[in-house]
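Quick notes on the structure that follows.
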Amino acid sequence: MRISAFALVLVAAVTLAAAPKPPPIPNVADAVTQHSIVLGGKRIAYTARAGTITLRDDDRRPLATMFYTAYTADGVSARKRPITFFYNGGPGSSTIWLRMGSFGPVRADIAPNGGITPPAPFRLVDNHYSLLDTSDLVFIDMAASGYGRIEPGADAKEVFGSDNDANMFAQFITQYLTRFDRWNSPKFLYGESYGTPRSALLVNYLQNEGVSINGVVLQSSILNFSLASRDTYGGADTDDWQYVFYFATEAATAWYYHLVPGAPRDLDAYMREVERFAMGDYRRALLQGAQLPPASFDAMVSRLHHYLGVPERFIRNANLRISGEQYIAEVRRRQGESVGVYDARYRLFELDRAEEYPQLTPSNASIEGPYLALQQDYFRNQLHYVTPLSYRLGAYAVIAKSGPWNYRHLDTVPLNTAPDLAEAMTFNPHLRIFSANGYFDEVTPFLATVYTLNHLGIVPALQSNITYGFYPSGHMIYLNVDALRSYHDDLERWYRATLEER
């Protein structure tokens, strides 16, 4: 039976008409509430605002929404009051981790010293280490995470990807500055993990668009993915450098678990010793490859055993090259545990004690439940923000559905945003950088960050604009309350110096 072209068109039209339209994003008004907190013996009254900002494509059509919470001190001139924009990484993560754990006015009270937090009820406490004593704070969830969504009919490929993502955040920030009359305020960016390459792209983009930035906090950085392993953010895995960078963090983990005989109590001093060995004798041994003499190979096995506290046979089988994940799978194997790749202070029992790479994330086991439960309770009962949408910890499912994240920048991969940061610092010679690093972070090892920032190619006068902080914690430095206290104090001094320099 032949079907006419008219009939085919009619069938197609009926099919399209019958297809359900994506539901519209609920229009929820911003919630604005009044609060106060005592910081440093001084009571600070502040306004909290929870809401969304709509982003648009080049034709001004709605593209996506981004959810945020902002905390602004009352009765302070906007011209004198700094404002800091916070975001986590992923790419794809919401900013629940920074919002509920770092420098906001409240934080989740979790088990100390790498312990696993018991189930509910959980406890939300005033954050006595909040940076609200220094700056107004805006915590931003990337598009399609948190309560943000891709607009019905919009192309998600215009949102996801390193360059598109930087454009989304730039749109958000400029809209926020306009809506709340903050254009003449001192401005700071604060990114964690993938939030650090986002910051490098973003600060350069904003400044080229006339938005001057005073300072950037880079926490747990990975600016140059060529220095990462192949399994981490699509790194190149073409050189032995990655094992040098991992080594220092592995040695810090061994120190934490008392596996290093005669190790000094001062972790900072010990890490300087480890860094000299890693960048010196260890690097030179790896450079020789198969030409390393057997006697030198044996001597290096012995030295690695001393620093890392794992069996010499394991080191030999790894050919002196131990990735972070291999190390954390091995270091507590005899106890039937694996330690955390994000924070080696955390550990869980293993289901498969023979596996090469750990399958569970101990730090997530401790914080994910309390963070989400307390944030939901906080939004509803203290900020009075109520929406029918569910809070997404990340946009990962949406990204996977639209296609993989596009890491291409300036038409190259692996992603390298160090040149963007160097350009931003050169364009604005007053731009200050604070690099915060956790010693027990196997995901973004601190030695890789130091190496990257020491090789920006900027003049010495600008290199001195970079300040470092090193803490006895992991990827989320703030999970160790003692480290959070030190981190706050270091940042407070850095903000003061950055603003006084003006």
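Per-residue answers, yes or no, for (1) of a type outside the set (Ser, Thr, Tyr); (2) in contact with a helix residue (DSSP H, G or I) (Cβ under 9 Å, 6 or more places away or on another chain):
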| position | (1), (2) |
| --- | --- |
| LEU447 | yes, yes |
| THR452 | no, yes |
| GLN463 | yes, yes |
| PHE470 | yes, yes |
| HIS475 | yes, yes |
| TYR487 | no, yes |
| ASP490 | yes, no |
| THR498 | no, no |
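Taken over segment 207-226, residues that are surrounded by fewer than 24 Cβ atoms within 10 Å (Cβ to Cβ), modelled with pLDDT of 95 or more and among the polar types (S, T, N, Q) amount to 4. Selection of segment 294-351 for residues being under 30 Å from the mean Cα position of the chain (by Cα), without any contact (Cβ under 8 Å) to a residue 40 or more places away in the chain and farther than 16 Å from VAL260 by Cα yields ALA318, GLN326, ALA329, ARG333, GLY336, GLU337, SER338, PHE349, GLU350, LEU351. If you check THR47 against the conditions, is it of a type outside the set (Asp, Glu) and not in a loop (DSSP other than H, G, I, E, B)? Here the answer is yes, as THR47 does meet what is asked.
Taking the criterion of being buried (at least 19 other Cβ atoms within 10 Å of the Cβ), under 16 Å from ALA31 (Cα atoms) and not aromatic (Phe, Trp, Tyr), the only residue of segment 364-382 that qualifies is GLN375. For residues that are charged (D, E, K, R) and either within 20 Å of the chain's Cα centre (by Cα) or crowded, with 20+ Cβ neighbours inside 10 Å (or both), tally how many sit in segment 79-124. Qualifying residue count, segment 79-124: 2.
Looking across PHE446, PHE470, PHE440, one residue alone is aromatic (Phe, Trp, Tyr), in contact (Cβ under 8 Å) with a residue 60 or more places away in the chain and within 19 Å of PRO362 (Cα to Cα). It is PHE440.
Any residue that is charged (D, E, K, R) and buried (at least 17 other Cβ atoms within 10 Å of the Cβ) - is there at least one of those in segment 393-416? No, the conditions are met nowhere in segment 393-416. Quick one: in segment 264-291, which of the residues that are among the aliphatic types (A, V, I, L, M) and closer than 14 Å to GLU250 by Cα is surrounded by the fewest Cβ atoms within 10 Å (Cβ to Cβ)? Residue satisfying both the conditions and the ranking: LEU267.
Can you tell me which residues in segment 448-468 are of a type in the set (A, V, I, L, M) and buried (at least 22 other Cβ atoms within 10 Å of the Cβ)?
ALA448 - this is the single residue of segment 448-468 that is of a type in the set (A, V, I, L, M) and buried (at least 22 other Cβ atoms within 10 Å of the Cβ).
Looking only at residues of segment 338-391 that are in a loop (DSSP other than H, G, I, E, B) and among the β-branched types (Val, Ile, Thr), we find that the one that is modelled with the lowest pLDDT is THR361. On the basis of being modelled with pLDDT of 95 or more, polar (S, T, N, Q) and not assigned by TED's automatic domain parsing to the domain that holds GLY309, does ASN204 make the cut? So ASN204 fits the description; yes.
In segment 362-404, the residue that is nearest to LEU98 (Cα to Cα) out of those that are in contact with a helix residue (DSSP H, G or I) (Cβ under 9 Å, 6 or more places away or on another chain) and of a type in the set (Phe, Trp, Tyr) is TYR371.
Taking first residues from segment 256-267 that are within 19 Å of ASN113 (Cβ to Cβ) and not assigned by TED's automatic domain parsing to the domain that holds GLY114 and partners that are assigned to a loop (DSSP other than H, G, I, E, B) and charged (D, E, K, R), the Cβ contacts under 9 Å between residues at least 6 apart in sequence or on separate chains come to TYR256/ARG345; TYR257/ARG332. Under the condition of being in a helix (DSSP H, G or I) and in contact with a Phe, Trp or Tyr (Cβ under 9 Å, 6 or more places away or on another chain), the residues counted in segment 153-162 number 1. Take the residues in segment 462-501 that are out of contact with any Phe, Trp or Tyr (no Cβ under 7 Å at 6 or more places or on another chain) and in a strand (DSSP E or B), then tell me which one is farthest from ALA248 (Cα to Cα). So the residue we want is ILE466. For the residues THR412, THR417, the requirement of being among the polar types (S, T, N, Q) and out of contact with any Pro (no Cβ under 8 Å at 6 or more places or on another chain) singles out THR412.
The values are calculated or read from the model by the stated rules, or taken from the named source; none is laboratory data. Since this is a predicted model, take the numbers as computed values, not measurements. In this analysis, Cβ positions are derived from the backbone assuming ideal geometry, glycine residues included, and neighbour counts consider all displayed protein chains.
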